[in-house]
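Single-structure report; data block below.
The values are calculated or read from the model by the stated rules, or taken from the named source; none is laboratory data. Just so we're clear, the structure is a prediction, and the values are computed from it rather than from any experiment. For neighbour counting, all protein chains shown are included, and Cβ atoms are generated from backbone atoms with ideal geometry for every residue, glycine included.
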Amino acid sequence: MKSKFITRILNNRMATAVVLSLVAGVIYTPYSFLMYPKNGWAGFCIPEFKQLSPEQKRKNFFVDYVAEGVRKWDKNNDFFRNQEIAISKYNLADKEELIKLMIQSDPSKSFEENFGVVAKSTARQYRYHGDRRYDKAELIGESMRSLLTQDRKLDTAYLRKLPDNYTLIMGDISGHGAISTIIPLSLIKPVDHSHFGLAYYHIRKSCCDSESIDTYITSQPLSEAKLAKAKLKDPLHGLRFDQIDGVKFTDISIDDAYDDMKFYTPEQVHLYHTRMEVGEFRNEFYNSLGPTPSRWLHETTACGTRTSTKAARIR
């Protein structure tokens, strides 16, 4: 009698344990998905509830990268108030093509016109959405598309449809020291199942943007002596761009040749800064990295989104 009673208790305890383990499994399964979304289960993208192709992950990575740039516009920081994000219809993956574009740029035209920008949004548009003082003034022509929707959100649908031969441009709107970061979409590539790499160039906008060039000229204290010197002929005596090899003529040697010369015309500013860019792009440091100056590795989830904003330099 006693043995039957003990057996019944043990059976009840085993049944209870089985039920509890099943309940725990039901609770833990979605919890584990939420707590460990980094690689999903065998590369399974939990938010989209499917395993994504490399191309789908690449699109997600690109959109997430742009979205991070827009999120920074919310910060109460003067640095981000003069920022913009734009899309160029040109494929600038080859640095020589980028050099050619800078050389052919018209100093009387905007950066958008010289670089084939088809869509653009700025931090001021984002922060002052709906304010009529900004919306039209920030865009060049009626054909320019905004990267923001009517409710001030990033137009992710448009970004996902962009062809691979377009280029993302991020950086300063304009100004004396404005810098643009050129990120060709064709150079955003998966490295392995959990990492994506991208490559970019930095260029000075005063090579190719009328507003930045004008700011550069007006920011100079032009005394009569300096103004007279600025009117002199080319200090490099007609140096051609194909002669700038990055060895004999580098950005440093070109800057030294100008010897703190002040500029009198937009053509002078364009020539000076374009020569500087060519000398920098063709020097030994950039050549050692291959076709792109800077390459960075980003850790991603199974969905292609980045695990953090930090990245590692690819050598």
| query | Can we say residue 181 is touching a His at 6+ places or on another chain (Cβ under 8 Å) and at pLDDT 85 or above? | reply | yes
| said: Show me the helices (runs of 4 or more DSSP H) found entirely inside the range 67-130 where at least 3 residues are farther than 22 Å from residue 199 by Cβ and in contact (Cβ under 8 Å) with a residue 12 or more places away in the chain. | reply: 123-127
| said: Which of the numbered conditions does residue 216 fail, given that it passes all the others? Conditions: (1) in contact with a Leu (Cβ under 9 Å, 6 or more places away or on another chain); (2) within 27 Å of residue 106 (Cβ to Cβ); (3) among the aromatic types (Phe, Trp, Tyr). | reply: (1)
| Among the residues of the range 76-107 satisfying the criterion of being among the acidic types (Asp, Glu) and over 15 Å from residue 180 (Cβ atoms), which is modelled with the lowest pLDDT? | 78
| query | Of the residues 190, 163, which is in a strand (DSSP E or B) and surrounded by fewer than 19 Cβ atoms within 10 Å (Cβ to Cβ)? | reply | 190
| message | Looking for something modelled with pLDDT of 85 or more, polar (S, T, N, Q) and more than 20 Å from residue 69 (Cβ to Cβ) - is there at least one such residue anywhere in the range 112-126? | response | yes
| Can you name every residue in the range 193-213 that is surrounded by fewer than 19 Cβ atoms within 10 Å (Cβ to Cβ) and polar (S, T, N, Q)? | 194
| query | Is one or more of the residues making up the range 230-244 within 26 Å of the chain's Cα centre (by Cα), more than 30 Å from residue 64 (Cβ to Cβ) and at pLDDT 85 or above? | reply | no
| note | Residues of the range 278-295 being of a type in the set (Phe, Trp, Tyr) and either at pLDDT below 55 or surrounded by 15 or more Cβ atoms within 10 Å (Cβ to Cβ) (or both), in sequence order, are 281, 286
| field | Unmet criterion (only one of (1) in contact with a Leu (Cβ under 9 Å, 6 or more places away or on another chain); (2) touching a residue at least 12 places away in the same chain (Cβ under 8 Å)) for residue 155 | value | (2)
